[in-house]
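Note sheet for the following structure.
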Amino acid sequence: MPTQRIAAMQELYIGESLPDNRYAAPVLADFVGLPPILGVVGSTEILLDDTLRAALQAGKADVPFYLEVWEKMPHVFPIFSILPESEVAIERIGKFIREGYLHPLPKRYGRHKATRREQRALALK
């Protein structure tokens, strides 16, 4: 998403709410007691940082968080059925819903943990 569209999208999403409202920004919510969480995110999308923060918040609350960062995939890539990665992602999401856990994603699709650079960037925020 082009940077100039972010403010317009934020306005559409939260309207009159404050940006730090936990319902507008679930990463700010209390993760204690939640079931295991699957975070499927593209490496090029705008919500990557929020997904990484959610993984950290879940970890602090002892909630299992399965993080899949798919290389060079855009926001909501699983809905784009023309992408071969979409089918794999949808299958994995379904498996997670049915079984509550996942085996590691094959390396050709992405990675499972934040890179050191991403972890440092989050620590600075």
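Numbers at a glance
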{"read-out": "Value in Å of the Kirkwood radius, where segment 1-105 supplies the Cα pairs that are averaged", "value": "15.1"}
{"read-out": "Peptide ranges 18-26, 39-47 listed from the most packed, as the mean C-beta count within 10 angstrom indicates", "value": "39-47, 18-26"}
{"read-out": "Amide H within-cut-off set for ILE37, under 5 Å, with H built and near neighbours excluded", "value": "PHE65, TYR66"}
{"read-out": "Gain on full stretching of the segment that runs from TYR101 to GLN4 - 0.36 nm per residue minus C-alpha separation", "value": "31.2 nm"}
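Here, each number is a calculation from the coordinates, and none is a lab measurement. From a predicted model like this one, the values you see are computed outputs, not experimental measurements. Ideal geometry is used to build each Cβ from the backbone, glycine not excepted, and the neighbour counts take in all protein chains shown.
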